[in-house]
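Since the structure comes first, as structure tokens, the remarks are kept for the end.
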Amino acid sequence: MSRIDRRFAELEAAGRTGLIPFVTAGDPLPEHVAALMHALVAAGADVIELGVPFSDPMADGPVIQHASERAIANGVGLDDVLRAVAEFRSRDGDTPVVLMGYLNPVEIYGYARFAQAAVRAGVDGVLLVDCPLEEAAVLQALRDAGLRQIMLAAPTTAPARMAQLCEAAEGFLYYVSFAGITGATHLDIEDIAMRVADIRVRARAPVAVGFGIRDAASAQAIAGFADAVVIGSALVDRLAGAADAADMVERARVFLAPIRAALDAHRKQQG
Amino acid sequence: MNKTVDFNAYPDTHGRFGNYGGSYVAETLMAPLAELTEAYLRLREDPAFVAELDRDLKHYVGRPSPIYHAERLSRYVGGARIVFKREDLNHTGAHKINNTVGQALVARWMGKPRIIAETGAGQHGVASATVAARLGLKCVVYMGAVDIERQKINVYRMKLLGAEVVPVTSGSKTLKDALNEAMRDWVTNVADTFYIIGTVAGPHPYPMMVRDFNAIVGREARAQMLEEFGRLPDVLTACVGGGSNAIGLFHAFLNDASVRIVGAEAAGEGIATGHHAASLAAGRPGVLHGNRTYVLCDDNGQITETHSISAGLDYPGVGPEHAFLKDAGRAQYVGVTDDEAMEAFHLLARQEGILAALESSHAVAQAMKLAREMSKDQIVLCNLSGRGDKDVHTIAAREGVEV
């Protein structure tokens, strides 16, 4: 059983909603990525989404774009990201790590080479934003190596496609809460609840909801009907400008603690 | 080259040109792209739509554009006859209008009241603002902050036409970032918004649709060559940034095996200097802006900043059909430097009384290089894709002249 599957099974058994923080690898402090990941776990992360910086992040809002730009300016590449995961793995063998990013860095690295290196580093899955189901054949080498391919589903996804996605989903299915970019502010909770309920009935994999969740209140609103919530831009924004590793770790703790508490205050409905 | 390839058979239903093209976008865009593909495939077979498009191309754009045998320039160069396809004579002064007229009509037939566009030099932005004004559509143009500074006249033209110009300050603040930002707008406002992409890049169906709307250039030119010269040209050439004017000229000739095809990319200060925008000549296969194609990027897969004297060629990717034609050996892509383009600009002005756009001047330079090595009975057909009025300030500044 993969780390991702095991973690969601544990959450299910405990009736808890998973917390999946997203951070961009190399921002704010490129030499302390692993330390940040440990801090996320200490603050209650169940899965970590680690962003691979890319120069042209089409699906991301300004906060994550700028984090990506800073990381690139800091010289962070895919090898650095994998090194950070390996360093994290040396002290944490349980928390699943999903790399989130865009296809070109992986394409240039080479799919087979990347698959081997990522597994060796302890990566559990990848979410490549610009690689929809139709193009996923290029990721065969990753699947063969045991990496879970996390798929996105969106409010605009047509019913027939949704059925395909539910069928293909592995690890977890990431439901994009609204048609837009990361970091937006308005969520229609009722609409999300309805759609996620429908997906949870059909998908074999658990469903995580992301895009636009920024604090304890919005996380709690989602917690009632999702298997996990993803929180990215608001966290990245909070970490930006941290003076040193201790400051960064403290910011992560202060930001995530109330969200963790809000999720735990809310037992998940059975799906 | 494999002579059995039918180049009209591309792309396939997934938008693939061999290994290139496709739909590399976030899930949120898959439905709007499917909706657009369905609408476009239906409309291009709809006689009422086709008739309206033809009418607009004739009476609003001014088609057909002529071909013109540049006799003085040909004599000066010595060698083959140089013939220009005069896209510079279109309304708004470039080939860009062929595409925006087409896409704006698709937008109206789809019932979308708002159009968005990205622009580098501002030509596509102006062409989009133009058709939006004519059809009464709201128009928002995304433009890199650096380009806004470089192209003030075009920014003002767009505003005069009623468009809103939004500065993009992310990344390198140029065309590629404007494209990212337009995509983000589209994802967010897809219900009422149509995204008019200005070149043969982006996810399916854009490379196909933009090509189809520009392919009239080659269809006309092919018929005009047969009518006026009784034969096809020996070589075609056109400048390639994203590649829309080039594919527009090339497409009707792809199955004419006797016609050699050469695309001219921006070699900037020289490919060896790294300051260029020659994605095909010096890049590698990758994924950018929704399609697999040749891109300029570093070993970490980060897209690199490009350089060209012409903003319209200053793009780190290229249309996937060009990538396919390169790998298939059907077309060849070479670099033309800033200096060579400037020299061609001046020669054309002095020999023929034509101020060509700096983009098109790359093609003119390449046409002269080709002609020089060919015999007098041969013909080079070159796409003169746009006029140079927009560039006079850039040229004056480069040559230290105050205007």
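Using the Karplus relation 6.51 cos²θ - 1.76 cosθ + 1.60 with θ = phi - 60°, the per-residue 3J(HN,Hα) values for segment A:24-29 come to 7, 4, x, 10, x, 10 Hz, with x marking Gly and Pro. Taken one residue at a time, the phi angles of segment B:105-110 give Karplus couplings (6.51, -1.76, 1.60, θ = phi - 60°) of 5, 4, 4, 5, 5, 7 Hz. Gly and Pro are set to x. Between the alpha-carbon centres of segment A:7-30 and segment B:1-77 there is a gap of 46 Å. Placing +1 on the Cβ of every Lys and Arg and -1 on the Cβ of every Asp and Glu, with nothing else charged, gives segment B:129-285 a dipole about its Cα centre of roughly 180 debye.
Put simply, chains B and A cover up around 2900 Å² of each other's accessible surface, both sides summed, when a 1.4 Å probe is used.
Pairs of Cα atoms nearer than 8 Å and 6+ residues apart set the relative contact order; for segment A:2-76 it is 37 percent. Dividing the summed -39500 (n - 2.57) terms of all DSSP H runs of n ≥ 4 by the residue count of chain B sets its mean residue ellipticity at 222 nm at -12500 deg cm²/dmol.
Residues B:Trp109, B:Trp186 ordered from highest to lowest accessible area at a 1.4 Å probe: B:Trp109, B:Trp186. Taken about its Cα centre, segment A:48-181 carries a charge dipole of roughly 200 debye when the Cβ of each Lys and Arg holds +1 and the Cβ of each Asp and Glu holds -1. Amide H contacts for B:Gly263 (H built 1.01 Å from N in the peptide plane; partners 5 or more residues away or on another chain; cut-off under 5 Å): B:Gln332, B:Tyr333, B:Val334. Taking 0.36 nm per residue of sequence separation and removing the Cα-Cα distance, the B:Asn255/B:Ala272 pair yields an extension gain of 2.7 nm.
Extents of chain B, largest first, come to 56, 50, 47 Å (Cα atoms, principal axes, whole angstrom). Between the listed residues B:Gly21, B:Phe49, B:Ala70, the Cα displaced farthest toward the positive end of the dipole of segment B:1-121, a dipole computed from Cβ unit charges relative to the Cα centre, is found at B:Ala70.
For B:Tyr68, the solvent-accessible surface computed with a 1.4 Å probe is close to 80 Å², ligands and nucleic acids excluded.
Taking every Cα-Cα distance in segment A:64-187 and sorting them into 10 Å bins from zero, the calculated P(r) comes out as 11, 40, 36, 13, 0 percent.
What the pair-distance distribution of segment A:3-263 shows, using all Cα-Cα distances binned every 5 Å from zero, is 1, 6, 15, 19, 21, 19, 12, 6, 1, 0 percent. To the nearest µm²/s, what D does Stokes-Einstein give for the protein assembly as shown at 4 °C and 1.567 mPa s, using the Kirkwood radius over alpha carbon pairs as Rh? Result for D is 50 µm²/s.
For the protein assembly as shown, the share of accessible area belonging to carbon and sulfur comes to 51 percent (1.4 Å probe, ligands and nucleic acids excluded). By the equivalent-ellipsoid construction on the alpha carbon gyration tensor, segment A:7-58 comes out with semi-axes of 25, 14, 6 Å, ordered largest to smallest.
Averaged over its residues, chain A has an accessible area of 36 Å² per residue, based on protein heavy atoms and a 1.4 Å probe. Our coupling estimate for segment B:23-39, obtained by passing each phi through the Karplus curve with A = 6.51, B = -1.76, C = 1.60 and θ = phi - 60°, is 10, 8, 9, 5, 3, 4, 8, 4, 5, x, 5, 5, 4, 5, 4, 4, 5 Hz, Gly and Pro reported as x.
Taking amide H as placed 1.01 Å from N in the peptide plane, B:Arg16 has its amide H under 5 Å from the amide H of B:Gly22, each at least 5 places away in sequence or on another chain.
Inter-chain Cβ neighbour count for B:303-310, averaged per residue, equals 1 (cutoff 10 Å, partner chain atoms only). The H on the amide N of A:Tyr175, modeled in the peptide plane, is under 5 Å from the matching H of A:Ala153, A:Ala208, A:Val209, A:Gly210, each at least 5 residues off or on a different chain.
Cα centroids of segment B:89-148 and segment A:237-265: 45 Å apart.
Projecting the alpha carbon convex hull of segment B:123-225 along each direction and taking the average yields 7.9 nm². Computed with every protein chain present, the accessible area of A:His32 is close to 60 Å² [probe 1.4 Å]. Counting only DSSP H runs of at least 4 residues, each contributing -39500 (n - 2.57), and dividing by the residue count of chain A, the helix-based mean residue ellipticity at 222 nm comes to -14000 deg cm²/dmol.
Exceedance of the 29 Å cut-off in Cα-Cα distance is limited, within the set B:Lys58/B:Lys112; B:Lys159/B:Lys326; B:Lys112/B:Lys326; B:Lys58/B:Lys173; B:Lys112/B:Lys390, to B:Lys159/B:Lys326; B:Lys112/B:Lys326; B:Lys58/B:Lys173; B:Lys112/B:Lys390.
The values are calculated or read from the model by the stated rules, or taken from the named source; none is laboratory data. None of these values were measured; they are calculated from a predicted model. Reconstructed Cβ throughout: ideal geometry from the backbone, glycine too, with neighbour counts over all protein chains shown. To get the accessible areas, we keep the full protein, side chains included, count just its heavy atoms, and leave off ligands, DNA and RNA. Shrake-Rupley method; radii C 1.70, N 1.55, O 1.52, S 1.80 Å.
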